[in-house]
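The values are calculated or read from the model by the stated rules, or taken from the named source; none is laboratory data. The model shown is predicted, which means the values in this text are computed figures rather than measured ones. With ideal geometry, Cβ positions are generated from the backbone for all residues, glycine too; neighbour counts draw on all protein chains shown. Just so you know, the surface numbers come from the protein's heavy atoms only, side chains and all, with ligands and any DNA or RNA stripped out. Shrake-Rupley method; radii C 1.70, N 1.55, O 1.52, S 1.80 Å.
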Amino acid sequence: MILYLAGYKSCAKRWDLDTKDIYLLSSFWEHKSGRYGSYVCQEKHILDSGAFSAFSGKNDSFDWDGYVKKYADFVLKNNIQRFFELDIDVVVGLEKVEYYRRYLEDRIGRQPIPVWHASRGKDYFIRMCEEYSYVAIGTTSAMEEGRRIRENPMILKWFIDQAHSAGTRIHGLGFTNTTFLPFLKFDSVDSTTWLSGSRFGQIYFFNGKQMVYRNPPKGMRDKNHDLSNRHNFNEWIKFQRYAEQYL
(Lines give C-alpha, C1' and ligand atoms only; values in the text may rest on other atoms or scores of the structure.)
Protein backbone atom coordinates (compact mmCIF):
# COMPACT_ATOMS: atom_id res chain seq x y z
CA MET A 1 0.00 0.00 0.00
CA ILE A 2 1.22 3.47 -0.89
CA LEU A 3 0.65 6.14 1.74
CA TYR A 4 0.83 9.65 0.33
CA LEU A 5 1.55 12.45 2.80
CA ALA A 6 -0.56 15.49 1.93
CA GLY A 7 -0.04 19.11 2.93
CA TYR A 8 3.74 19.16 2.50
CA LYS A 9 3.68 22.51 0.69
CA SER A 10 3.06 24.29 4.01
CA CYS A 11 6.56 23.26 5.13
CA ALA A 12 8.40 22.68 1.84
CA LYS A 13 10.17 26.04 1.59
CA ARG A 14 11.39 26.02 5.19
CA TRP A 15 12.54 22.41 5.25
CA ASP A 16 13.93 22.11 1.71
CA LEU A 17 14.10 18.32 1.95
CA ASP A 18 15.11 15.82 -0.70
CA THR A 19 11.70 14.25 -1.26
CA LYS A 20 12.35 12.00 -4.26
CA ASP A 21 11.90 8.88 -2.10
CA ILE A 22 8.86 10.22 -0.22
CA TYR A 23 5.31 9.72 -1.50
CA LEU A 24 3.53 13.08 -1.53
CA LEU A 25 0.09 14.28 -2.49
CA SER A 26 -0.43 17.92 -3.33
CA SER A 27 -3.34 19.99 -4.51
CA PHE A 28 -3.48 22.13 -7.63
CA TRP A 29 -5.17 24.76 -5.47
CA GLU A 30 -1.94 25.01 -3.47
CA HIS A 31 0.04 25.74 -6.64
CA LYS A 32 -2.35 28.07 -8.45
CA SER A 33 -0.10 31.09 -7.80
CA GLY A 34 2.54 29.51 -10.03
CA ARG A 35 5.01 29.03 -7.17
CA TYR A 36 5.67 25.42 -6.26
CA GLY A 37 8.49 23.04 -5.44
CA SER A 38 10.12 20.57 -7.77
CA TYR A 39 8.51 17.73 -5.80
CA VAL A 40 5.39 18.10 -7.96
CA CYS A 41 7.42 16.64 -10.84
CA GLN A 42 8.77 13.67 -8.95
CA GLU A 43 7.64 10.14 -9.69
CA LYS A 44 6.24 9.52 -6.20
CA HIS A 45 3.74 12.37 -6.41
CA ILE A 46 -0.01 12.37 -6.96
CA LEU A 47 -2.03 15.50 -7.70
CA ASP A 48 -5.47 16.39 -6.40
CA SER A 49 -7.53 18.85 -8.42
CA GLY A 50 -8.08 21.08 -5.39
CA ALA A 51 -11.71 21.40 -6.46
CA PHE A 52 -13.06 21.12 -2.91
CA SER A 53 -10.89 24.03 -1.78
CA ALA A 54 -11.77 25.97 -4.92
CA PHE A 55 -15.54 25.83 -4.46
CA SER A 56 -15.57 26.27 -0.68
CA GLY A 57 -17.22 29.61 -0.08
CA LYS A 58 -17.51 30.41 -3.80
CA ASN A 59 -20.67 31.47 -5.60
CA ASP A 60 -22.35 29.89 -8.61
CA SER A 61 -20.42 32.08 -11.05
CA PHE A 62 -17.04 30.42 -10.36
CA ASP A 63 -15.22 29.81 -13.66
CA TRP A 64 -14.91 26.03 -13.65
CA ASP A 65 -14.15 25.91 -17.38
CA GLY A 66 -11.15 28.14 -16.82
CA TYR A 67 -10.10 26.17 -13.75
CA VAL A 68 -10.05 22.79 -15.52
CA LYS A 69 -8.02 24.27 -18.39
CA LYS A 70 -5.42 25.60 -15.96
CA TYR A 71 -5.42 22.24 -14.16
CA ALA A 72 -4.74 20.44 -17.43
CA ASP A 73 -1.97 22.92 -18.28
CA PHE A 74 -0.33 22.26 -14.91
CA VAL A 75 -0.47 18.48 -15.34
CA LEU A 76 1.03 18.72 -18.84
CA LYS A 77 3.72 21.23 -17.90
CA ASN A 78 4.97 19.07 -15.02
CA ASN A 79 4.37 15.70 -16.71
CA ILE A 80 2.30 14.52 -13.75
CA GLN A 81 1.36 10.88 -14.21
CA ARG A 82 -1.28 10.43 -11.50
CA PHE A 83 -3.98 13.04 -10.99
CA PHE A 84 -7.60 13.11 -9.85
CA GLU A 85 -10.66 14.37 -11.68
CA LEU A 86 -12.65 17.42 -10.56
CA ASP A 87 -15.16 15.60 -8.36
CA ILE A 88 -17.52 18.55 -8.00
CA ASP A 89 -20.80 16.67 -8.47
CA VAL A 90 -22.50 18.70 -5.73
CA VAL A 91 -21.64 21.96 -7.52
CA VAL A 92 -22.05 21.36 -11.25
CA GLY A 93 -23.70 17.94 -11.42
CA LEU A 94 -22.34 14.58 -12.56
CA GLU A 95 -22.89 15.25 -16.28
CA LYS A 96 -20.56 18.27 -16.17
CA VAL A 97 -18.05 16.32 -14.06
CA GLU A 98 -17.98 13.67 -16.79
CA TYR A 99 -17.52 16.40 -19.42
CA TYR A 100 -14.48 17.74 -17.52
CA ARG A 101 -13.15 14.21 -17.10
CA ARG A 102 -13.31 13.60 -20.85
CA TYR A 103 -11.67 16.98 -21.45
CA LEU A 104 -8.73 15.99 -19.21
CA GLU A 105 -8.42 12.63 -20.95
CA ASP A 106 -8.42 14.20 -24.42
CA ARG A 107 -6.17 17.11 -23.56
CA ILE A 108 -3.58 15.24 -21.47
CA GLY A 109 -3.73 11.84 -23.13
CA ARG A 110 -3.96 10.00 -19.80
CA GLN A 111 -6.89 9.00 -17.65
CA PRO A 112 -7.52 11.01 -14.49
CA ILE A 113 -8.51 9.06 -11.39
CA PRO A 114 -12.30 9.31 -11.01
CA VAL A 115 -13.56 9.85 -7.46
CA TRP A 116 -16.72 8.04 -6.36
CA HIS A 117 -19.24 9.75 -4.10
CA ALA A 118 -22.38 8.20 -2.66
CA SER A 119 -24.68 10.24 -4.91
CA ARG A 120 -23.35 8.29 -7.92
CA GLY A 121 -24.61 4.94 -6.64
CA LYS A 122 -22.92 1.55 -6.51
CA ASP A 123 -23.64 0.69 -10.14
CA TYR A 124 -21.70 3.75 -11.19
CA PHE A 125 -18.76 2.61 -9.11
CA ILE A 126 -18.82 -0.76 -10.89
CA ARG A 127 -18.70 1.05 -14.25
CA MET A 128 -15.81 3.19 -13.03
CA CYS A 129 -13.88 0.02 -12.23
CA GLU A 130 -14.61 -1.40 -15.67
CA GLU A 131 -13.48 1.74 -17.51
CA TYR A 132 -10.55 3.01 -15.39
CA SER A 133 -7.39 1.37 -14.13
CA TYR A 134 -7.32 3.55 -10.99
CA VAL A 135 -10.34 4.80 -9.03
CA ALA A 136 -10.81 6.61 -5.73
CA ILE A 137 -13.43 6.88 -3.03
CA GLY A 138 -13.95 9.95 -0.87
CA THR A 139 -13.56 9.27 2.85
CA THR A 140 -12.53 12.71 4.08
CA SER A 141 -14.20 13.88 7.29
CA ALA A 142 -14.83 17.25 5.61
CA MET A 143 -17.82 15.70 3.79
CA GLU A 144 -20.90 14.12 5.39
CA GLU A 145 -20.58 10.89 3.43
CA GLY A 146 -16.94 10.60 4.45
CA ARG A 147 -17.86 10.97 8.10
CA ARG A 148 -20.54 8.30 7.66
CA ILE A 149 -18.05 5.89 6.12
CA ARG A 150 -15.53 6.55 8.87
CA GLU A 151 -18.07 5.49 11.48
CA ASN A 152 -18.04 2.04 9.88
CA PRO A 153 -14.88 1.67 7.77
CA MET A 154 -15.76 -1.91 6.89
CA ILE A 155 -18.23 -0.40 4.40
CA LEU A 156 -15.15 0.26 2.32
CA LYS A 157 -14.35 -3.44 1.94
CA TRP A 158 -17.06 -3.90 -0.68
CA PHE A 159 -15.60 -1.11 -2.80
CA ILE A 160 -12.06 -2.39 -2.43
CA ASP A 161 -13.08 -5.95 -3.32
CA GLN A 162 -15.11 -4.72 -6.30
CA ALA A 163 -12.18 -2.72 -7.64
CA HIS A 164 -9.71 -5.55 -7.23
CA SER A 165 -12.05 -8.09 -8.83
CA ALA A 166 -12.06 -5.84 -11.89
CA GLY A 167 -8.26 -5.57 -11.85
CA THR A 168 -8.47 -1.91 -10.84
CA ARG A 169 -6.46 -0.07 -8.21
CA ILE A 170 -8.29 1.99 -5.60
CA HIS A 171 -7.28 5.03 -3.55
CA GLY A 172 -8.87 6.01 -0.23
CA LEU A 173 -8.93 9.80 -0.11
CA GLY A 174 -8.11 11.08 3.36
CA PHE A 175 -8.10 7.62 5.00
CA THR A 176 -5.18 6.63 7.22
CA ASN A 177 -6.80 4.89 10.16
CA THR A 178 -3.82 2.67 10.92
CA THR A 179 -5.98 0.25 12.92
CA PHE A 180 -8.06 -0.64 9.85
CA LEU A 181 -5.48 -0.34 7.08
CA PRO A 182 -4.12 -3.89 7.55
CA PHE A 183 -7.64 -5.20 6.81
CA LEU A 184 -8.71 -2.69 4.16
CA LYS A 185 -6.41 -3.42 1.24
CA PHE A 186 -6.37 -0.07 -0.49
CA ASP A 187 -3.68 0.30 -3.13
CA SER A 188 -3.05 3.83 -1.90
CA VAL A 189 -4.33 6.33 0.66
CA ASP A 190 -3.41 9.84 1.76
CA SER A 191 -3.59 11.96 4.87
CA THR A 192 -2.61 15.26 6.47
CA THR A 193 -2.68 13.72 9.96
CA TRP A 194 1.04 14.38 10.40
CA LEU A 195 0.14 18.09 10.61
CA SER A 196 -1.67 17.42 13.89
CA GLY A 197 1.39 18.78 15.68
CA SER A 198 0.46 22.32 14.75
CA ARG A 199 -3.30 21.74 14.74
CA PHE A 200 -3.83 19.91 18.01
CA GLY A 201 -0.42 19.49 19.63
CA GLN A 202 -0.43 15.73 18.99
CA ILE A 203 2.94 13.99 18.77
CA TYR A 204 3.07 10.81 16.65
CA PHE A 205 5.33 7.77 16.90
CA PHE A 206 5.61 4.72 14.69
CA ASN A 207 5.62 1.66 16.96
CA GLY A 208 6.79 -0.78 14.30
CA LYS A 209 3.33 -1.62 12.94
CA GLN A 210 1.09 1.41 13.28
CA MET A 211 1.04 5.04 14.30
CA VAL A 212 0.31 6.04 17.90
CA TYR A 213 0.17 9.51 19.38
CA ARG A 214 0.08 11.34 22.64
CA ASN A 215 -1.89 14.47 23.40
CA PRO A 216 -0.30 17.40 25.23
CA PRO A 217 -1.23 17.91 28.89
CA LYS A 218 -4.49 19.82 29.31
CA GLY A 219 -4.01 23.50 28.72
CA MET A 220 -0.51 23.04 27.30
CA ARG A 221 0.65 23.05 23.68
CA ASP A 222 4.07 22.89 22.06
CA LYS A 223 5.01 26.45 21.05
CA ASN A 224 7.29 25.23 18.28
CA HIS A 225 4.72 23.91 15.82
CA ASP A 226 7.26 23.54 13.07
CA LEU A 227 9.39 21.26 15.22
CA SER A 228 6.34 19.14 16.07
CA ASN A 229 5.38 18.84 12.43
CA ARG A 230 8.90 17.89 11.41
CA HIS A 231 9.01 15.15 14.04
CA ASN A 232 5.59 13.85 12.99
CA PHE A 233 6.53 13.97 9.30
CA ASN A 234 9.60 11.82 9.96
CA GLU A 235 7.56 9.29 11.95
CA TRP A 236 4.91 9.08 9.23
CA ILE A 237 7.63 8.47 6.65
CA LYS A 238 8.61 5.41 8.72
CA PHE A 239 5.02 4.18 8.53
CA GLN A 240 4.90 5.01 4.82
CA ARG A 241 7.84 2.69 4.18
CA TYR A 242 6.33 -0.01 6.38
CA ALA A 243 2.99 0.25 4.54
CA GLU A 244 4.64 -0.03 1.15
CA GLN A 245 6.32 -3.28 2.15
CA TYR A 246 3.80 -4.97 4.42
CA LEU A 247 0.28 -3.57 3.88
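Here are a few things to note about the model shown:
- Of all residues in the range 80-110, those that are assigned to a loop (DSSP other than H, G, I, E, B) and either among the aliphatic types (A, V, I, L, M) or surrounded by fewer than 17 Cβ atoms within 10 Å (Cβ to Cβ) (or both) total 7.
- The range 122-134 residues that are without any contact (Cβ under 8 Å) to a residue 24 or more places away in the chain and surrounded by 14 or more Cβ atoms within 10 Å (Cβ to Cβ), paired with ones that are among the aromatic types (F, W, Y) and in a helix (DSSP H, G or I) (beta carbon under 7 Å, 6 or more apart): none
- Consider the range 148-194 and keep the residues that are over 22 Å from Y246 (Cβ atoms) and of a type in the set (D, E, K, R). The one that is most open to solvent (accessible area, probe 1.4 Å) is E151.
- The range 11-28, residues that are open to solvent by less than 70 Å² (accessible area, probe 1.4 Å) and out of contact with any strand residue (DSSP E or B) (no Cβ under 8 Å at 6 or more places or on another chain): C11, A12, W15, L17, T19
- Positions within the range 231-247 being aromatic (F, W, Y) and open to solvent by less than 80 Å² (accessible area, probe 1.4 Å), in sequence order: F233, W236, F239, Y242
- Long-range neighbours under 6 Å by Cβ, at least six apart or interchain, first residue more than 23 Å from Y246 (Cβ to Cβ) within the range 1-29, second open to solvent by less than 50 Å² (accessible area, probe 1.4 Å) and among the charged types (D, E, K, R): S27/D48
- Qualifying residue in the range 72-79 (condition: under 16 Å from the mean Cα position of the chain (by Cα) and part of a loop (DSSP other than H, G, I, E, B)): no
- Sole residue being at pLDDT below 95 and part of a helix (DSSP H, G or I), chosen from I160, I137, I126, I149: I149
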